[in-house]
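So the structure is just underneath, and the comments pick up after that.
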Amino acid sequence: MDEANGAFAEEYEAYRPLLFGLAYRLLGSVMDAEDAVQEAYLYVSEKRPEHVGNPKAYLCKIVTNRCIDLLRSTRKQREVYVGPWLPEPLVQEEEAEGPDDRYLQKESISTAYLLLLQQLSWVERAVFLLREVLQYEYDEIAEIVGKSSTNCRQIFRRAKAAISRLPEQPSPQQQAASPSPRPAPLPQPVEQFVQALLSGNMGQLLSVVRADAVLYSDGGGKVKAAVRPIAGAERIAAYFNGLQTKQPDLISRYVLSEVNRDIGIIGYDQDRQPYFVLSFEMQDGQIASFYLVVNPDKLKHIAALRD
């Protein structure tokens, strides 16, 4: 590897966490995001680019284009997806955090946030993320997505209006000054929910779930799951009670984990393989949304249970 290409490889490594965060938000898939970032590295290695004025923008452009190609190729699959679609859960391992982890702490990547992003078209999502999260100028965004800067400005306004529920993202300067802490100890409602789940005490479950709560269950047609969102605390309680009654020995262990920067639960089967990932959205001290991923294709990146 020559000196110029070696220097660019170092630039890539420095921006790799940022590139993964961008790809994951665009795609909603851990494995596909990792592939997109790796393909960017291979492209850079093979092309040996010279005289790149802005390596960060150049790499973001490569990754964004890889993601756009993938979104286009899988659009029909999404249109015929069986049941609710949920993003692939980003699970924090117990080991010491790495650079990707530290970067991801700085921005919201909750399941609710990612679902709102999925309401946008691929170009709206790309423009929104590049402007709102990465603080790119419109001229830079235009170069990345292949639109005029004026068009990108209009796309951003339209995208932001479409998902007005999204929390305001801090600027990079604010993020550097006050990095987001790791999640607090287990929230009491979630702790009570876990206790209720293990004991079968549905009355306790109802006490920590909002009356208008919604459960989204993603099986992708691969395993049995609710094909429509389940609305209402009582119906959700009945759903979990039914799972415990019908399949009491399916799950060998429940493990509390960090899922998309919040508290979640991983359920492991008798073979010590991940069977489901459950995460939550909290409102006013109660559980407002449940996100249950049981599609095995979305759990492949999660490690098997170790001793």
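Do we find a residue being within 22 Å of Cys60 (Cβ to Cβ), assigned to a helix (DSSP H, G or I), open to solvent by 50 Å² or more (accessible area, probe 1.4 Å) and at pLDDT 80 or above anywhere in the range 160-182? Looking through the range 160-182, at least one residue is within 22 Å of Cys60 (Cβ to Cβ), assigned to a helix (DSSP H, G or I), open to solvent by 50 Å² or more (accessible area, probe 1.4 Å) and at pLDDT 80 or above.
On the stretch given as the range 111-150, residues that are open to solvent by 50 Å² or more (accessible area, probe 1.4 Å), farther than 18 Å from Ile62 by Cα and either not polar (S, T, N, Q) or not in a loop (DSSP other than H, G, I, E, B) (or both) total 1. For the range 201-228, filtered to residues that are within 22 Å of the chain's Cα centre (by Cα) and of a type in the set (Ser, Thr, Tyr), the residue that is least open to solvent (accessible area, probe 1.4 Å) is Ser217.
All of Glu258, Glu281 fail the test of being among the acidic types (Asp, Glu), over 20 Å from Pro84 (Cβ atoms), in a strand (DSSP E or B) and open to solvent by less than 60 Å² (accessible area, probe 1.4 Å), apart from Glu258. Among the criteria (1) modelled with pLDDT under 85; (2) in a helix (DSSP H, G or I); (3) loosely packed, with under 14 Cβ neighbours inside 10 Å, the one Lys56 does not fulfil is (3). Taking the conditions (1) in contact (Cβ under 8 Å) with a residue 24 or more places away in the chain; (2) farther than 17 Å from Leu299 by Cβ; (3) in a loop (DSSP other than H, G, I, E, B) in turn, Gly221 satisfies each one other than (2).
Note on the range 229-255: residues that are within 15 Å of Phe290 (Cα to Cα), in a strand (DSSP E or B) and open to solvent by 30 Å² or more (accessible area, probe 1.4 Å) amount to 1. Within the range 261-273, being farther than 20 Å from Gln188 by Cβ and open to solvent by 20 Å² or more (accessible area, probe 1.4 Å) holds for Asp269, Gln270, Asp271, Arg272, Gln273.
The values are calculated or read from the model by the stated rules, or taken from the named source; none is laboratory data. Predicted, not measured: the structure shown is a model, and the values here were computed from it. Cβ coordinates were reconstructed from backbone atoms using ideal geometry, including for glycine residues, and neighbour counts include every protein chain displayed. For the accessible areas, the whole protein counts, side chains as well, though only heavy atoms, and no ligand, DNA or RNA atoms are used. Shrake-Rupley method; radii C 1.70, N 1.55, O 1.52, S 1.80 Å.
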